[in-house]
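Data first, discussion second: the structure below is written as structure tokens.
The values are calculated or read from the model by the stated rules, or taken from the named source; none is laboratory data. Just so you know, these numbers come straight off a predicted model, no measurement behind them. We place every Cβ from the backbone using ideal geometry, glycine too, and count neighbours over all the protein chains shown.
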Amino acid sequence: MKSDFMSRPSEEVLLEINRLKTYFFTEEGVVKAIESVDLEVYKSETLGLVGESGSGKSVTALSILGIVPDPPGKILDGEVIFHGQDLRKLSDSDMRKIRGNQIAMIFQDPMTSLNPVFTVGDQISEAIILHQKVTKKEAKEKSIKIMSLVGIPSADERVDNYPFEFSGGMRQRVMIAMALSCNPELLIADEPSTSLDVTIQAQILELLKATSEEFDMSIILITHDMGVIAEMCDRVAVMYAGFICEIGDIMIIFKSPYHPYTRGLLGAIPRPDAARDDLQIIRGAIPNLINPPSACRFHPRCDYYMLGLCENILPELVEIEPGHSVRCHLYTDEGKAWMAERGDKRVIGTIPKSIAG
Ligand code: SF4
């Protein structure tokens, strides 16, 4: 059922993640990076994955692609269903056919992903040859074409340049060219513009938007920036300390955020018309995931914390209206019972009138 605000372009699910759990077994202890992630990515949509550093966004991306460094990382549970098959059950060689071909990824710092001793043309061509039956010459021609498409000027000359001969923004364009070279159905972009200056950031985001339409591609856009989410995404999933705490269509989340953490993130967006004092902060910091807070991991930072409940029982991720799910006791039966018992009115002003009835 579609809500009035629903803005995703398709109803077809491309990727479904169920109960994903990834830990890192380090000398200091077990880092419980992802405890339980459930997500769907629809065809042709841009889904934003947002949260503070350490919330588990990048580990979710690495888990989807099966490239969590092992050791110390391990995916302990869950399914990653892509085109009806669980990627976690595929052999390494079958997974390699999907990676870079049907699902591609770009990273925050293109320098760490480009090999400094090969020309960019060789690197894009290599990705093409790996997945397509083409000659070296055809791969190079295709590389030039795709470099032009992502806005690299004089691509037929620059194809023979090395990564150090490109600026940061141009290197990120090379990475996008490489990711697009095999027409992926899903692109995972992990903070793709964070290391760039503001004007180049806007160009890279614009390029991603244009290419997702041109290639009819879904994107998972990982960022800590709610402003980028607002610009780019159809839906947004808010992550906190290894859990999805709220997910919904962009219009719904920005108009009526339910989870206290989402409210905090939105309240922390600087607005030019707002007084300095209006800027809200989320008190405290993201917890150490070796020894995270029990049950709702946000409870030590939450202004709505219900003593005896939130630190003891993990709230389920429940759909509270079409296309909008939240993991918080303000909306569970247990939470409502807790408040009713105490005549507590904290929920008023938290739930929009349309839902509270
Ligand atoms: Fe706050 Fe409790 Fe909701 Fe967690 S479950 S976000 S502590 S109200």
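Give segment 285-339 a look and list any residue that's among the hydrophobic types (A, V, I, L, M, F, W, C), in contact with a strand residue (DSSP E or B) (Cβ under 7 Å, 6 or more places away or on another chain) and more than 8 Å from the ligand (Cβ to nearest atom), or say none.
Residues satisfying the conditions are L289, I290, L317, V318, I320, V326.
I'd like the full set of residues that are among the small types (G, A, S) and either over 24 Å from I17 (Cβ atoms) or assigned to a loop (DSSP other than H, G, I, E, B) (or both), limited to segment 308-345.
Just the residues of segment 308-345 that are among the small types (G, A, S), to begin with: 308, 323, 325, 335, 337, 340, 343.
Once the filter is applied, which keeps residues that are among the small types (G, A, S) and either over 24 Å from I17 (Cβ atoms) or assigned to a loop (DSSP other than H, G, I, E, B) (or both), segment 308-345 yields G308, G323, G335, A337, A340, G343.
Select from segment 325-357 the residues that are of a type in the set (V, I, T) and modelled with pLDDT of 55 or more and list them in ascending order. Spell out how you get there, then give the answer.
Taking segment 325-357 first, the residues of a type in the set (V, I, T) are 326, 332, 347-348, 350-351, 355.
Result: V326, T332, V347.
Would you mind finding the one in I229, I290, I247, I253 that is under 30 Å from V30 (Cβ atoms), crowded, with 23+ Cβ neighbours inside 10 Å, out of contact with any Phe, Trp or Tyr (no Cβ under 7 Å at 6 or more places or on another chain) and modelled with pLDDT of 90 or more?
Numbers: I229 fails: under 30 Å from V30 (Cβ atoms); I290 fails: crowded, with 23+ Cβ neighbours inside 10 Å; I253 fails: under 30 Å from V30 (Cβ atoms).
The match here is I247.
Would you confirm whether any residue within segment 67-86 is in a loop (DSSP other than H, G, I, E, B), under 23 Å from A189 (Cβ atoms) and charged (D, E, K, R)? So that I can check it myself, show each step before the final result.
Just the residues of segment 67-86 that are in a loop (DSSP other than H, G, I, E, B), to begin with: 67-72, 83-84.
Then keep just the ones that are under 23 Å from A189 (Cβ atoms); that gives 67-69, 83.
From what is left, the residues that are charged (D, E, K, R) are none.
Looking through segment 67-86, none of the residues is in a loop (DSSP other than H, G, I, E, B), under 23 Å from A189 (Cβ atoms) and charged (D, E, K, R).
Among (1) within 27 Å of H83 (Cβ to Cβ); (2) assigned to a helix (DSSP H, G or I), which single condition is N101 missing?
Here N101 clears every test but (2).
Let me confirm something: among G242, G267, which residue is modelled with pLDDT under 85 and within 16 Å of the ligand (Cβ to nearest atom)?
Details: G242 fails: modelled with pLDDT under 85.
On inspection, the qualifying residue turns out to be G267.
Right, T199: under 27 Å from D38 (Cβ atoms), surrounded by fewer than 18 Cβ atoms within 10 Å (Cβ to Cβ) and of a type in the set (V, I, T) or not?
Values: under 27 Å from D38 (Cβ atoms): no; surrounded by fewer than 18 Cβ atoms within 10 Å (Cβ to Cβ): yes; of a type in the set (V, I, T): yes.
It is false that T199 is under 27 Å from D38 (Cβ atoms), surrounded by fewer than 18 Cβ atoms within 10 Å (Cβ to Cβ) and of a type in the set (V, I, T).
If you take the residues of segment 136-194 that are assigned to a loop (DSSP other than H, G, I, E, B), in contact (Cβ under 8 Å) with a residue 60 or more places away in the chain and on the phi < 0 side of the Ramachandran plot, which of them is surrounded by the most Cβ atoms within 10 Å (Cβ to Cβ)? If you could, list the steps in order and put the result at the bottom.
As a first pass, look at segment 136-194 and keep what is assigned to a loop (DSSP other than H, G, I, E, B): 150-154, 159-162, 166-167, 181-185, 191-194.
Pick out the ones that are also in contact (Cβ under 8 Å) with a residue 60 or more places away in the chain and you get 150, 182, 184-185, 191-192, 194.
Checking which are on the phi < 0 side of the Ramachandran plot leaves us with 150, 182, 184-185, 192, 194.
Details: V150: 22, C182: 18, P184: 22, E185: 20, P192: 29, T194: 15.
Ranking the qualifying residues of segment 136-194, first place goes to P192.
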